[in-house]
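A quick write-up on the structure given underneath.
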Amino acid sequence: MNSNSSEEPIIYYHGTKADLKTGDLIEIGFTSNYGTQRKARYIYLSATLEAATWGTELAFGEGKERIYIVEPTGPIEDDPNLTDKKFPGNPTKSYRSQHPFKVVGEVKEWQGHSPEQLKAMKDHLEKLKQQGIEAIED
């Protein structure tokens, strides 16, 4: 029996096409990976590899798809773009912050979604865009 009653530390992920290295900070103020690509007021992370996979696959840009392991440097909150609108209770474990995330590692092996799943998601996002619904809200 394990006498350590503390919980395992949470691992947070950030999916992107940016080329970062250990020790780099992911900060607000850069062009958003999504939506109208305006300056990001929040940065996003997830405690699930699944959500981070969507993050990297849907990010704008031509860079290599990457999933980084990150540590928040300040408070994080539930991502209202997902938790309020799509998944009440935050089962995707998706969060946002205005404080930087420190890159502490990279997930080198991960499984992307099928071309059919990716096309369905992109088609859905395009439909929302045509309806004037922004994927990321401040």
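Nothing in this text is a laboratory measurement; each read-out follows from the coordinates by a stated rule. Computed from a prediction, not measured in an experiment: that's the story for all the values here. Glycine also receives a Cβ, built like all others from the backbone with ideal geometry; neighbour counts cover every protein chain displayed.
Of note:
- Net +/- balance of residues flanking PRO100 in space, Cβ distance below 10 Å, scoring K and R +1, D and E -1: -2
- Once the Cβ-Cβ distance of LEU49 and GLU77 is raised to the sixth power relative to R0 = 30 Å, the FRET efficiency obtained is 0.90.
- Ordering of 99-111, 45-57 by packing is 45-57, 99-111, highest average first (other Cβ atoms within 10 Å, averaged per residue).
- Legend: calculated FRET efficiency, GLN111 to ILE28, from the Cβ-Cβ distance at R0 = 35 Å, rounded to 0.05, equals 0.75.
- In Hz, Karplus ³J(HN,Hα) per residue of region 63-71 (6.51, -1.76, 1.60; θ = phi - 60°; x = Gly, Pro): x, 5, 5, 9, 10, 9, 8, 10, 10
- Proximity of backbone amide H atoms, modeled 1.01 Å from N, is registered between GLY105 and ILE69 at under 5 Å, excluding neighbours fewer than 5 places apart on the same chain.
- Enclosing the Cα atoms of region 12-130 in their convex hull gives a volume equal to 105 cubic angstrom per residue.
- Cβ-Cβ FRET estimate between HIS99 and LEU125, R0 fixed at 35 Å, reported to 0.05: 0.85
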